[in-house]
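Read the structure below first, then the notes.
The values are calculated or read from the model by the stated rules, or taken from the named source; none is laboratory data. Here the structure is a predicted model, which means the values were calculated and not measured. All Cβ positions, glycine included, derive from the backbone under ideal geometry; neighbour counts span all protein chains shown.
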Amino acid sequence: MKFWLGFLAYLVPLFPLAYVWHLKLLKPAYDRLELFRESVIVPYGFLSMAMQAAFFSWVFPKLFDSPNWVRNWLEFALIFGLLAWSFMVLPVAAKYRMASVRGFMLLESCFVALQFLLTGLLIALVYAL
């Protein structure tokens, strides 16, 4: 049961956060970067997040088993946030054409930090209960 609650704790807040961040709230900033296609393929993003949710919910209780849920939350956010940043920000900035590498790195670094602080908090709470 906790697996599915952890899965939902990751996916339910992340999908709308990512959608609003990238395609609504900060769309003009991303448009200026000239990075995204005209019509993004939202189901691919959702599938990617669902796969991440399954992995993180499975691995969380194996790696973060301190009785202190705040410690588990912050360790999860730090470890997996840095790992995700190394997959999602650095290689994209290194390989893809964009109007501003600095602008992209700032936007996506903020997003990754928010993503893992929020989802880490919720998964930690699920496994603490």
Notebook entry, point to check: Under the condition of being among the hydroxyl-bearing types (Ser, Thr, Tyr) and surrounded by fewer than 11 Cβ atoms within 10 Å (Cβ to Cβ), which residue from segment 1-57 is modelled with the highest pLDDT?
Noted result: TYR44
Next item on the list: Pairs only if they're at least six apart or on different chains, beta carbon under 7 angstrom, first in segment 96-108 and under 18 Å from PRO28 (Cβ atoms), second of a type outside the set (Val, Ile, Thr) and not in a helix (DSSP H, G or I); list them, first residue then second.
Entry: MET98/GLU34; MET98/LEU35; ALA99/GLU34; PHE104/LEU35; PHE104/MET98; LEU107/LEU26
Note to self: Name the residue that is surrounded by the most Cβ atoms within 10 Å (Cβ to Cβ), counting only residues in segment 78-98 that are among the aliphatic types (A, V, I, L, M) and within 29 Å of MET1 (Cα to Cα).
What the structure shows: ALA84
Notebook entry, point to check: Taking segment 119-129 on its own, how many of its residues are touching a Leu at 6+ places or on another chain (Cβ under 7 Å) and either surrounded by fewer than 14 Cβ atoms within 10 Å (Cβ to Cβ) or hydrophobic (A, V, I, L, M, F, W, C) (or both)?
Noted result: 1
Check: Since VAL101 meets every condition but one in (1) within 19 Å of the chain's Cα centre (by Cα); (2) surrounded by 14 or more Cβ atoms within 10 Å (Cβ to Cβ); (3) not small (Gly, Ala, Ser), which condition does it not meet?
Finding: (1)
Notebook entry, point to check: Does segment 56-65 contain at least one residue that is outside any helix (DSSP H, G or I) and under 14 Å from ALA124 (Cβ atoms)?
Noted result: yes
Next item on the list: Give me the pairs, please: first residue somewhere in segment 30-47 and within 23 Å of VAL12 (Cα to Cα), second residue anywhere and outside any loop (DSSP other than H, G, I, E, B), beta-carbon distance under 7 Å, and either six or more positions apart or on two chains.
Entry: VAL40/LEU23; GLY45/ALA18; PHE46/PHE15
Notebook entry, point to check: Does at least one position in segment 103-110 carry a residue that is in a helix (DSSP H, G or I), in contact with a Gly (Cβ under 6 Å, 6 or more places away or on another chain) and not basic (Lys, Arg)?
Noted result: no
Checklist line | Leading residue by the ranking (nearest to LEU121 (Cα to Cα)) among those in segment 79-100 that are part of a helix (DSSP H, G or I) and among the β-branched types (Val, Ile, Thr) | finding: ILE79
